[in-house]
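Following: one structure in structure tokens, then a few remarks.
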Amino acid sequence: MDNLETFRKDTRAWLEANCPPEMRRPVQGEEDACWGGRHPVFQSDAQRLWLERMAAKGWTVPEWPREYGGGGLSRDEAKILHQEMRALNCRTPLTSFGISMLGPALFKYGSEEQKREHLPKIVRGEIRWCQGYSEPGAGSDLASLQARAEDKGDQFLINGSKIWTTYANKADWIFCLVRTDPNAPKHEGISFLLFDMESPGISTKPIVLISGFSPFCETFFDDVLVPKANLVGKLNKGWDVAKYLLTHERDMIGGMGSTGDNRSLGQIAGETLGTDHGMLADTVLRGQIAAYEIDALSFRLTMERVGDMAKVGQAHPAVSSLLKYYGTELNKRRMELVMSAGGLDALEWEGERSHEGRTARAWLRSKGNSIEGGTSEIQLNIIAKRILGLPGA
Amino acid sequence: MALVLNDEQTMLRDNARGFLGKNAPIAHLRALRDKRDADGFSRALWKDFVEMGWAGILVPQEYGGLGLGHVEAGVVMEELGRTLTPSPFLSTAILAATAIARAGTDQQKKNYLAQIVAGDLIATLAVDETAKHHPEKTAMTATRAGNSFKLGGAKTFVIDGHVANLLIAVARTAGKPGDTNGLTLFLVDASAKGIRAERTPTVDTHNAARLTFEDVNVSADNVLGKIDAGWDVLEGVLNAGRAAVAAEMVGAGEEAFSRTVAYLRERKQFGRPIGEFQALQHRAAHLYCELEVTRSAVLKALQTLDDSFERAGAIVSVAKARAGLSATLAVNEAVQMHGGIGMTDEFDIGLFMKRVRVGQELFGDANFHADRLARLNRY
């Protein structure tokens, strides 16, 4: 305990000295976050400095081992670091699909060469990754994907297309599911490949969403050559890697839901609706907000409990489906309440006063949470079959 | 503190589950109901509870108890929820023991806690007066008369009220209904002159009574805590009771759920197990999530009572509200998914629904606790 208390004291002192004041305000939407990459775009010098300082300590990924560039912290130490960062409102220094998705999969399935090549760059934010999973005909039925990789000796030749590849137009590398055996049953002929987005034959096209933004792209592969050394795991066994990666993606999406607005829903509503004897003037909305807060706090405690259960080996492997399902449904509910609380003000789409319609756009964006990374219905299927053991398909 | 049971707590849970499954399964509740047992619980079974130390689970060791915490008491409550076993555990071992151990004088503790631990005393809290839980609206009066008080008024839904030997009665020594100031707690001998107890059998076959107090004389020595300032003590005791009932509802809800899942696997319609139908799979999976999320809140509430008793109000309200809603969903889905058989008295599922309905209402329903949380968060 003493060691942890010392660690807490030192960590707080370091954060106070090293986290620039501009990085102690909430991130205002996905565009304001720091994504790193080969051609990084920093919103400010402070953002660059904060990434460099945290990356130097490996604290962009505090629990990864030091030999791969991580912080080498124990789970308890990492928890303290996050607590202290929250206490000072420190931003996450780096938002990265490399950290939340690819990294865990590489640790489990990657070769030693692949780990040494890719993990330290993820930690330092040098390479921005995107995901090539879904295809126009293969959404929830992901395993029916068609993008094919043909054996050309030392290389694969890739042809096909992907959809919903988040920020493919800004990414440096892609982790991608391709069909390597068209004659095998659909789950068994898939392989997991990594390749450079600057390889000849790759093109991307952004997809504009109902929020007016285009974080997603269509991605096209036209005779793209990829070295065989970039195969992760075994040939035709990519489905295992994909499923493992998806559980981490689900944890991440389930845990999302910050709009960058730190005020409680009750506060937001109080400003627009006014109060009557200290209570929100709209008593029905007040009740809905309180009911939401009850569920939201219980869900946060569930994320904590699942972490604690994992530590003692009690967590069910499919529990990420619970977190993904519940967290995203809760987030959609929150955004509906934010819109109700904001009233007409929340409807503004442009202009400085509304930060270019931040609230309305966040509300619209939240609708995708229960679709991306496996729909809510897919998560319920997984829970029904894998956790509850219900029969069928 | 990690949000998982430690080894000792897990062992307690396993022991309790084994003991109750063997000695007090649902058939035990049915037997008490069908013979219209006058006590509404088995004194022989309560003696077993006493011997296992459960009566004194929250009583400090210096007064002969086990000196365990609310997490442990909640573990037992959850198991009682699985078997729907009626017993004075909630009234005596949780409500009364918490009140006396936290607010009693040394003399009161020595006297009453020792009797609770020994199983010589069934004690309870008499607080509610109206159909809905509103402790601040207490109207029962306690008027000073020399070195004692005269109690007058009525209480409703007093748990184990017709079998209790000791009542912890909440009465108004000052102020008017609605004020939180001016309330005082009294330790009242249930056989005192002027008390009338009427058993009020409820839907769930557990004990409750209506009590009337007419010029009941209580010595000033039997004031529990401070005169006019009983609110804080009462809130603490109620929080302990609310978290305990929430734990019981987790047990009842999960038991109903696991019976339902088993039924979905075996029951065939249209030539297939009904658990193959996605309409039912999704509802079952959603319910599983609701129950798991509730379990987190209830465990946190119990831990908070042990860590910082005075600051547990908000999380206890979160836990009680969620437990009520998710257990209600669990029993409603259980009856629906069992179909016609779920409506029969012969089948156990309906008994869970009845107990959960009572647990919902006890010490504040989900709306009461949502309102309380909103007030605590100032909106």
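The values are calculated or read from the model by the stated rules, or taken from the named source; none is laboratory data. Fair warning: this is a prediction, and the values are worked out from it, not measured in the lab. Every residue, glycine among them, receives a Cβ derived from its backbone with ideal geometry; neighbour counts consider all protein chains shown. Note: areas computed on protein heavy atoms with side chains; ligands, DNA, RNA excluded. Shrake-Rupley method; radii C 1.70, N 1.55, O 1.52, S 1.80 Å.
Bridging of B:Lys132 to lysines at a Cα separation below 17 Å is possible for B:Lys155, B:Lys320, once same-chain residues fewer than 8 apart are set aside.
Among all the aspartates and glutamates, which ones have a C-alpha under 20 Å from A:Lys243's C-alpha, if same-chain residues fewer than 8 places away are not counted? List returned: A:Glu135, A:Asp141, A:Asp181, A:Glu188, A:Asp251, A:Glu372, A:Glu377. Shape class for segment B:179-258, computed from the alpha carbon gyration tensor (a ≥ b ≥ c): oblate, with a/c not under 1.5 and a/b at or below b/c. Each Lys and Arg adds +1 at its Cβ and each Asp and Glu adds -1 at its Cβ; summed about the Cα centre, segment A:261-393 shows a dipole of about 660 debye.
The largest accessible area among B:Glu254, A:Glu30 belongs to the first residue in A:Glu30, B:Glu254, and the rest follow in falling order (1.4 Å probe, all chains). As a length-normalised measure over Cα pairs under 8 Å and 6 or more apart, the relative contact order of segment A:1-149 settles at 26 percent. Across segment A:271-393, the mean sequence separation of Cα contacts (distance under 8 Å, 6 or more residues apart), normalised by length, yields a relative contact order of 25 percent.
Relative to the Cα centre, the charge distribution of segment A:66-225, modelled as +1 at Lys and Arg Cβ and -1 at Asp and Glu Cβ, gives a dipole magnitude of about 660 debye. Translational diffusion of the protein assembly as shown, estimated by Stokes-Einstein from the Kirkwood radius over alpha carbon pairs at 37 °C in a medium of 0.692 mPa s, is 113 µm² per second. Compute the distance from the alpha-carbon center of segment A:281-298 to that of segment B:243-258, in whole Å. About 23 Å separates the Cα centre of segment A:281-298 from the one of segment B:243-258. Counting only other chain Cβ atoms within 10 Å of each residue's Cβ, the peptide A:376-384 averages 5. Think of each Lys and Arg Cβ as +1 and each Asp and Glu Cβ as -1; about the Cα centre, that makes the dipole of chain A roughly 640 debye. For segment A:195-255, the square roots of the Cα gyration tensor eigenvalues, ordered a ≥ b ≥ c, give a/c of at least 1.5 with a/b no greater than b/c, which places it in the oblate category.
For segment B:91-107, backbone phi angles converted through the Karplus equation (6.51, -1.76, 1.60; θ = phi - 60°) give residue-by-residue couplings of 5, 8, 6, 9, 5, 5, 4, 5, 4, 6, 5, 8, 10, x, 6, 4, 4 Hz, Gly and Pro being listed as x. Shielding of peptide B:370-378 by partners, expressed as the average count of other chain Cβ atoms within 10 Å per residue Cβ, is 6.
The lysines within cross-link reach of A:Lys152, meaning a Cα-to-Cα straight distance under 16 Å and a gap of 8 or more places when in the same chain, are A:Lys228. Residues in segment A:169-175 carry Karplus couplings, in order, of 5, 10, 8, 9, 9, 10, 9 Hz; the curve used is 6.51 cos²θ - 1.76 cosθ + 1.60 with θ = phi - 60°, and Gly or Pro positions show x.
Computed on segment B:166-270, with alpha-carbon pairs under 8 angstrom and 6+ residues apart, the relative contact order is 24 percent. Given the options A:Ala33, A:Ala78, A:Ala291, which has the most mean-square fluctuation in a GNM of chain A, springs set between C-alpha atoms less than 10 angstrom apart? In the Gaussian network model the winner is A:Ala291.
State whether segment B:1-118 is rounded, prolate or oblate according to the following rule on the C-alpha gyration tensor (a ≥ b ≥ c being the square roots of its eigenvalues): a/c under 1.5 gives rounded; otherwise a/b larger than b/c gives prolate, and the remaining case gives oblate. Oblate, because a/c is 1.5 or more while a/b does not exceed b/c.
Against chain B, whose longest principal axis comes from its Cα atoms, helix B:231-266 is set at around 20 degrees.
Considering only Cα-Cα distances, which of the following residue pairs are longer than 20 Å: A:Lys57/A:Lys121; A:Lys115/A:Lys162; A:Lys121/A:Lys234; A:Lys311/B:Lys300? Those over the limit are A:Lys115/A:Lys162; A:Lys121/A:Lys234. Ordered from highest to lowest accessible area with the whole protein assembly present and a 1.4 Å probe, A:Lys79, A:Lys311 read as A:Lys311, A:Lys79.
Near the amide H of B:Gly364, within less than 5 Å, lie the amide hydrogens of B:His133, all on another chain or at least 5 residues away, with H placed in the peptide plane. All C-alpha pair distances within chain B, sorted into 20 Å bins from zero, spread as 29, 58, 12, 1 percent across the bins.
Our note on the geometry: Cα centres of segment B:200-237 and segment B:297-317, 23 Å apart. Mean per-residue shielding of peptide A:274-284 is 1, counting Cβ atoms of other chains within 10 Å of each Cβ.
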